[in-house]
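What follows is a single structure, written as structure tokens, with notes after it.
No value in this document is a laboratory result; all are computed from the given coordinates. What you see is a predicted model; the values in this text were computed from it and never measured. Neighbour counts are summed over all protein chains in view; Cβ atoms, including those assigned to glycine, are modelled from backbone coordinates with ideal geometry.
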Amino acid sequence: MTNLRRLIAAIDTPELDRASALVRELAPHCGLVKLGLEFFLRHGPAGFTAAAQGNPVFLDLKLHDIPNTVAGAVRSLLPLGADMLTIHAGGGAKMIAAAVEAAREATWRPKILAVTVLTSLDAAGLAEIGVAGGPAQQVLRLARVALENGADGLVCSAHEISLIRDAFGAKPILVVPGIRPAGAAVGDQARVMTPEAAIKAGADYIVVGRPIIEAESPANAAAAIAAAIR
Ligand code: C5P
């Protein structure tokens, strides 16, 4: 995989025009663009198609419901042709398997990636919802359920990559947000890693939002990151 293919630019805006313009500008400089809830809940499938303009998309909706409903949601998304979809591993084995099975119905099968523990949850936040043992243990537990039930990979923080690679090897696709080029503003990301360090640690893809889309030239910012991970 080329270095450019490994970069996912997060198009975090609720504005259709801005999203479309960013995708046009960034598509030549990254592997995929990421559209999420903020955009999709406002503009829906038509907005997706208008913004994506045929480029590969990581559609990050973090689906989480009973297996039948999640399978139906995945089927509803298949005609959009997204390359990657996200589900919450916390939905359990049957939900994960149902999502994977639904995705297999597409001729262009999207990769199903599971989110384990939200990076906004620390040990105290997990304890509050009844999860003892801290984030690392919970990440491994949920990763196992996801991968044993057919998920193609995981969304994880850069600091979890080695933990996951040690436990599950090279096969799972690891998509890693919370990436900041050296010197970039950290914003609300608590634990960040540089693009080159994340790739070196074993990330298959890195997700970068604000350091690209808030740059004076998003295209130049993306190109610089792609160059850094060569
Ligand atoms: O602007 P920034 O580079 O922080 O954007 C990162 C993107 O990755 C955002 O779209 C954010 O929602 C997403 N993300 C994340 N942490 C996760 C999962 C997704 O930052 N654990």
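Select from the chain the helices, each a whole stretch of DSSP H, whose alpha-carbon atoms run 18 Å or more along the helix axis and whose Kyte-Doolittle mean is at least -1.0; answer none if there are none.
Length and hydropathy pass: 134-148.
Given axes a ≥ b ≥ c from the Cα gyration tensor, I'd like to know whether the stretch 3-228 is rounded (a/c under 1.5), prolate (a/b larger than b/c) or oblate.
Working: a/c = 1.65, a/b = 1.14, b/c = 1.45.
Oblate, since a/c reaches 1.5 and b/c is not below a/b.
How far, in nm, would the chain grow between A136 and L37 when pulled straight, counting 0.36 nm per residue and subtracting the alpha carbon separation?
Residue separation times 0.36 nm, minus the Cα-Cα distance, leaves 33.0 nm.
What is the sum of charges, Lys and Arg at +1 and Asp and Glu at -1, for the other residues whose Cβ falls under 9 Å from the Cβ of T86?
Around T86, the surrounding residues sum to 0.
Ordered by packing density, taken as the mean number of other Cβ atoms within 10 Å over each peptide's residues, highest first, how do 17-25, 102-110, 55-63 rank?
Those peptides, ordered most packed to least, come out 55-63, 17-25, 102-110.
Which order do the peptides 122-129, 212-219, 5-12, 39-46 come out in when sorted by mean C-beta neighbours inside 10 angstrom, highest first?
5-12, 212-219, 39-46, 122-129
Going Cα to Cα from K200, which lysines come in below 18 Å? Please leave out same-chain ones fewer than 8 positions away.
Filter leaves K171.
Can you give the calculated 222 nm mean residue ellipticity of the chain, where each DSSP H run of n ≥ 4 adds -39,500 (n - 2.57) and the sum is split over every residue, rounded to the nearest 500 deg cm²/dmol?
On the way: 10 runs with 100 residues, N = 230.
Value at 222 nm, helices only, nearest 500: -13000 deg cm²/dmol.
Once you've got the GNM for the chain with C-alpha springs shorter than 10 Å, pick whichever of I206, I164, I66 has the biggest mean-square fluctuation.
Looking only at I206, I164, I66, the largest GNM fluctuation is found for I66.
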